[in-house]
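The values are calculated or read from the model by the stated rules, or taken from the named source; none is laboratory data. Just so we're clear, the structure is a prediction, and the values are computed from it rather than from any experiment. Every residue, glycine among them, receives a Cβ derived from its backbone with ideal geometry; neighbour counts consider all protein chains shown. Accessible surface areas use protein heavy atoms only, side chains included; no ligands, DNA or RNA. Shrake-Rupley method; radii C 1.70, N 1.55, O 1.52, S 1.80 Å.
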Amino acid sequence: MNKVIFILILSLGGLALAQQISQKLQIETQKMLNSASMLAANLSFYVADENGDMVYEYQGNKGLSPASTQKIFTAIAALDKLGPSFRFTTQASYSGQILKEGKLKGNLYITSNGDPTLGSWRYEGYKPEDFKTKLLQALHEKGIKSIEGDLILDDSYFDMQTTPGGWPWNDIGNYYGAGVWGISWNENQFDIHMAGGRSIKNFKYGPINLDWVNEVKAEGNRDHSIIYTAPFSPVGLIYGKLPPGKASVISGALPNPPLVLGYEIKKWLSQKGILLNGNLLTYHSEQIKGHQLVRTPKNHIFFEYHSPSLDKIIFWFLRKSVNLYGETLLKTFSKLQSEDASFDGGVQEMKRYWLGKGIPGAMLNFIDGSGLSPQNYVSAKAEVQALLYAKKQSWFNVFYTALPTYNGMKMKSGTIKSSKAYTGYHQSKTGKKYVFSMIVNNYAGGNINSLMFKVLDALK
């Protein structure tokens, strides 16, 4: 067969397949739009092949709240700007001098550049006991047996706004609404162990100096509880319903993580017989009181503790949708670019990054780095363009591996009130590779997942 004719046949066959897929997508999309769930809903849907050629779209340019699919923008920017081997660092240092008998005539300082994994349970070799062991070993090797001064948790690396302005109040107190601090601990969350669906039994890494109001009712057969706290707040409220007669665990966001870590370190020192004669202080807590602490001295650093590498952090960021990681990365972008550690600075830096990749600014209305804010608005086409960019990078396998699998497809999900989104990659049984994004806002009913999956099944 003539080579030109053969290529022409293949091209026509590919075109026919593309038209067939497009028609299937159109039919299934229309079925979804005609459903009761979509009566008052908005949809942005875009599908491209691996070369970036559009296969199908329905309002692909429309900006909608993407929920946690927003994380793909942050993850890709982080892998590109920081690199997969980037690590956060936590340090211990001291002021004054260490006398021969092991007495530190000065303060002991702990500081960090915002490591969100410090004290996390997710990483082998980086758990709370690993940090404890290594810090105590460093103190032993330095010969410090007592501390005449204060234990200071210098959390000044980031500013005092720990949560983005667009986050809902009923999210901020819960574990997934944990804020960003210069020093983190246990992913800035705590657990309340409840007995009998009503009374507080005990805490794991409980907030310090916080009074609780417990309005939980022992009713129903599911956990419908919610925690209301705020950064630096002295009061916490537990509200809602828990199953009666059962033990339950509710996870919340720590109002002051550096202070909690400080209490842990103070306890570790006591266990090792290291006497702390001074006070436990944190930089921002003292700032609230009107006191100005001297920041961590640049000399006398005797301990450095490095986080897991960014490729491992990105895995959990996307696989388990850890909002704290996204907001920490956002502030890190800004801090490294201009020393501005604010959320606004991070948002502007991330938007500049994506504008530089050719995505129109009108499609990128970022408020945060995780998607928890309903005030984020991006389009399905913008998400597809971001995924196409990632596919060409040397670190793509890190990103792709981190994506969860839903409905037999590699994709990131997003869920906030009345909003659902999926974006990712899929190879059909014919070998055709697709990149897609589907965002639905203001849907009704509980079957939106099945409706969306039915549409995406056309790519299989």
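Does the chain classify as rounded, prolate or oblate by the C-alpha gyration tensor (a ≥ b ≥ c root eigenvalues; a/c under 1.5 gives rounded; else a/b over b/c gives prolate, otherwise oblate)?
Judged from the Cα gyration tensor, the chain comes out prolate (a/c at least 1.5, a/b above b/c).
Residues of the chain: accessible area per residue at 1.4 Å, in Å²? Intermediate results must be reported in sequence, preceding the final value.
On the way: 20050 Å² over 460 residues.
So the chain comes to 44 Å² accessible per residue, rounded to a whole number.
Stretched out fully, how many nm does the piece from residue 418 to residue 400 gain, at 0.36 nm a residue minus the Cα gap? Display every interim value, and only then the final one.
Values: separation 18, 0.36 × 18 = 6.48 nm, distance 2.72 nm.
Taking residue 418 through residue 400 to full extension adds about 3.8 nm, to one decimal.
What order do you get for 76-82, 177-183 when each peptide is scored by the mean count of other beta carbon atoms within 10 Å, highest first?
On the way: 76-82: 20.6, 177-183: 26.7.
Ranked by mean Cβ neighbours within 10 Å, highest first: 177-183, 76-82.
Tell me which GluC sites (Glu not before Pro) from the range 309-409 have a DSSP coil assignment and no more than 15 other beta carbons within 10 Å of their own.
339
Tell me, what is the percent relative contact order of the range 340-413, built from C-alpha pairs under 8 Å that lie six or more residues apart?
In percent, rounded to a whole number, it is 18.
Taking all protein chains in place and a 1.4 Å probe, what share, in percent, of the accessible surface of the chain do carbon and sulfur account for?
Using a 1.4 Å probe with all protein chains present, the chain comes out at 50 percent carbon and sulfur.
Per DSSP helix of 4 or more residues, -39500 (n - 2.57); summed, then divided by the residues of the chain. What does that give at 222 nm, rounded to the nearest 500?
-10000 deg cm²/dmol
By how many nm would the segment from residue 233 to residue 410 grow when fully extended, if each residue of separation counts as 0.36 nm and the alpha-carbon distance is taken off? Present the calculation step by step, with values, prior to reporting the outcome.
Values: separation 177, 0.36 × 177 = 63.72 nm, distance 4.03 nm.
Taking residue 233 through residue 410 to full extension adds about 59.7 nm, to one decimal.
Go through 31/241; 31/432; 127/392; 246/417; 412/432 and tell me which ones have a Cα-Cα distance over 26 Å in this structure.
Correct reply: 31/241; 127/392; 246/417.
Could the peptides 403-412, 213-222, 92-101, 61-70 be put in order, highest first, of the mean number of other beta-carbon atoms found within 10 Å of their residues?
The most tightly packed comes first, giving 61-70, 403-412, 92-101, 213-222.
Compute the helix-to-body angle for 257-271: its Cα long axis versus the longest principal axis of the chain, expressed 0 to 90° and rounded to tens.
Its long axis makes an angle of about 50 degrees.
Over all directions, average the projected area of the Cα convex hull of the range 14-110 and note it in nm².
Numbers: hull surface 51.2 nm².
Taking a quarter of the hull surface, the average projection is 12.8 nm².
Just flag the GluC sites (Glu not before Pro) in the range 20-65 sitting in loop per DSSP whose Cβ has no more than 15 other Cβ atoms within 10 Å.
The qualifying sites are 50.
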